[in-house]
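The block underneath contains the structure these notes are about, expressed in structure tokens.
The values are calculated or read from the model by the stated rules, or taken from the named source; none is laboratory data. As the structure is a prediction and not an experimental result, all values here were calculated from the model. Please note: Cβ atoms are built from the backbone with ideal geometry, for glycine as well, and neighbour counts cover all protein chains shown. Surface accessibility is based on the protein's heavy atoms, side chains included, excluding ligands, DNA and RNA. Shrake-Rupley method; radii C 1.70, N 1.55, O 1.52, S 1.80 Å.
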Amino acid sequence: TDPEGKGYRYPTAEALSAEAEEEPPQVEVTIRDAAGQVIRRLSGPTSAGLQRVTWDLRYPAPQLAPPRPPGDDVLDELYGPPRSGHLVMPGRYTISLARRVDGVWTNLGSPQPLEVVTEGTLALAPAEREKLFAFQQKAASLQRAVSGAVALASETKAQLASARRALQETPAQTERLQAEVLALDQRLQAILRSLSGDRALAARYENTPPSITSRVGTVAAATRQANAAPTQTQRAQYEIVAEEFATVLTHLRQLVEGDLERLRRGLESIGAPWTSGRVPKWVP
């Protein structure tokens, strides 16, 4: 008991679990344009004292940055600067601050106005800047979709490898499913070659056609920090990669949403060892 004789209460199992699973407090800075549309969300520090959060006047990057251990500035030399998108248009914006504690958001103060201006506006007329901005958005959207397709194709390839291993460990007739896995893997490899290039030839220092990833990366990088309207070459590059990617994405969607799902059902029907993406079937 304590000195006052009231005793000590040990927390219950539910209280211990709730504490372990409790979401840590968050501080968020939100930037909105003149129409109230959210442009960017930035996480702020939650420690005591005077803190600063910097907005680089850009949209978020179309690709997620790799996770970084917090609080280690030395790693900037390894990871480089954080990824970012293209610059916002000149105009009026507002910045607001909020905190989240126990799942409840609370606004801190009122939104503050911000005016974004550009230098050298005489070199690029407002109409030309609008064209540049529209093209940057198109390029960023395409790059986001391409990077997502590459990640999905890579994850699917790993799932097919697991399915092949599972079939080898299944004491049932698996010849048909093994042939199906092989066919899917060959189709997926062709998709990956289109998306990321022929790595087998590249490893032998052979010339390879430009991949979808390299084309869209070139266009996005060339215009992300540009202060001039996109060139005809950049526009042509975009049209080429957009047309090619539309076909590849259709093939990838058919493989993942149709053929791969049928394969998963086939694996489950014969009691194959569990593989990623399958909901186990069990009858008590």
Open item on the list: I'd like the full set of residues that are within 31 Å of the chain's Cα centre (by Cα) and open to solvent by less than 90 Å² (accessible area, probe 1.4 Å), limited to the range 267-279.
Closed with: 267, 268, 273, 275, 276, 277, 278
TODO: Could you run through the range 209-244 and say how many residues are of a type in the set (Val, Ile, Thr), open to solvent by less than 60 Å² (accessible area, probe 1.4 Å) and without any contact (Cβ under 8 Å) to a residue 24 or more places away in the chain?
DONE: 0
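Could you list all residues from the range 196-208 that are assigned to a helix (DSSP H, G or I) and crowded, with 17+ Cβ neighbours inside 10 Å? Before you say what the answer is, go through the steps one by one.
First, the residues of the range 196-208 that are assigned to a helix (DSSP H, G or I): 196, 199-203.
Residue satisfying the conditions is 196 alone.
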Open item on the list: residue 176 - would you say it is over 30 Å from residue 213 (Cα atoms) and either surrounded by fewer than 14 Cβ atoms within 10 Å (Cβ to Cβ) or at pLDDT 90 or above (or both)?
Closed with: yes
